[in-house]
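Okay, so here's the structure we're looking at.
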Amino acid sequence: MRRLIVLVAVVGCAQVGAPPGGPPDNSPPHLLRISPDTNALNVRPRSVELRFDEVINERPARGGEKLDALFLVSPSRGRVDVDWHRSRIEIRPREGWRPNTTYTVTQLPGISDLRGNIDTSEHRYVFSTGPARATALIRGQVFDWAAGRPAPRAFVQAVHLPDSLTYAEYADSLGRFVIRYMIPGRYLLRAILDANNNRTLDRRELFDTATITLGDSVTREILAFVHDSVGAGIANVEPLDSLTLRVTFDRPLQPRVPVEPSQFSLKAADSSVVPITAVTLGSAFERARADSARAKAVQDSIRAAQVADSVRRANPRPAAPAPAPPVQRPPAAQRDTATPPLKPSVPIPESYVVLRLGRPLAPNTSYRLHADSLRSLTGVARSSDRVFTTPRAAPPDSGRADTTRPPAAPVRRPPDGDESASAVLRTVFDPAVGPARRESSGAEPRRPARAASRRVARP
């Protein structure tokens, strides 16, 4: 019996994908599933697994060179591994998940697909390895103390003492932060203005620390600044005028520490001493200047109103319609008070002072200014010197008329038709003599004859 063998050729595609010519994909990666699920309790996973609807770019679009820069696990102790598996990402602490602990996995903005579509949102996933979630929290606000403004995206850590379990969170655009799901205890709270985004305190980065005891909740203001062991010194000296110097420091001064004129001395190149009569802090100088500008604006406004009133009285017009009633604002007690402060509650450190001198400075002359025992924010005192040169005297403006001498009298020319044209009177001004005198250069000129008047006959 013959057997019939039929060969069927099946041709398949190498990979499954959208047919060519379709609409472009402009959507960022979308999370399909997370394991363990968010808000899950009593779980002890090997790792946290995130599955997306497309292949994830192994190099993040922002935030760092590796994917681990886009994920923050709180709490943790030591390094956290982030593994990439095309459309799947696994996250696990190297020491494993601790029992009876509430974890927060934060996905920062920067996840992108192979087409460069970036997820610009921030996502949080919470689960607990115990039967309930922890309820204690720390909230507060981080400031750049020397600049006197909030510190956006500051990196905040709360290190549990003494086991060094670290809770972490990023502040928002106004420096506000909330670290949730903590256990009560004693913590070392630290905020870093992380310039290179490596979540580590580096040299010359602004930071500050505080030790707190956490019960249910704690609110703390953090003032970040550069901690070093060098005091404040003179960085620049700028003459504002012949009797005023603006002295800028290379480090902010410690607040609430008085600065006295006796801490400064000024000498010329010939060692002659220029007395310093007063020292004004930069903030007080700015307030006085602002008050002066405000007073001048008020005077200008009053003067403009008086002029407008005089013009209105001189040119009366029909009465204008009555203005609309003002908008009624709620009382201060009923207004929204949730807006965070834009300045710290403590004085902002001074960065410069203004010195008032007892005698004027000479132009185009070198001087040496000495500052003694100026304290920085860390309380370290330092003495420093700075040599500066006053500007040259302003040259006289050749295009401007000399107002110290009276104008010369114009030269008188003979009228047309005068026969003695050589008889020209010249008026000369002699400052030594005073009034002008006339000098004759020939015979006395004759007076010109008056033109005969013509009478026009009326018709």
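Each value in this text was obtained by applying a stated rule to the coordinates, not by laboratory testing. This is a predicted model, so every value here is computed, not measured. Reconstructed Cβ throughout: ideal geometry from the backbone, glycine too, with neighbour counts over all protein chains shown.
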Bridge orientation stat for segment 136-224 from DSSP, antiparallel percent rounded to 5, came to 75
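Would you order S345, S265 from fewest to most other beta-carbon atoms within 10 Å of each residue's own beta-carbon?
So the residues, fewest neighbours to most, are S345, S265.
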Label model pair S310, L32: point-to-point distance (7 angstrom along the Cα→beta-carbon line) in nm is 8.2
With x for Gly and Pro, the residue-by-residue ³J(HN,Hα) of segment 67-76, computed from phi through the Karplus equation 6.51 cos²θ - 1.76 cosθ + 1.60 at θ = phi - 60° and given in whole Hz, is 5, 5, 6, 9, 10, 10, 9, 10, x, 7
In whole Hz, the Karplus estimates of ³J(HN,Hα) for segment 239-255 (6.51, -1.76, 1.60; θ = phi - 60°; x where Gly or Pro) are x, 7, 7, 5, 10, 9, 10, 9, 10, 9, 9, 7, 9, x, 7, 5, x
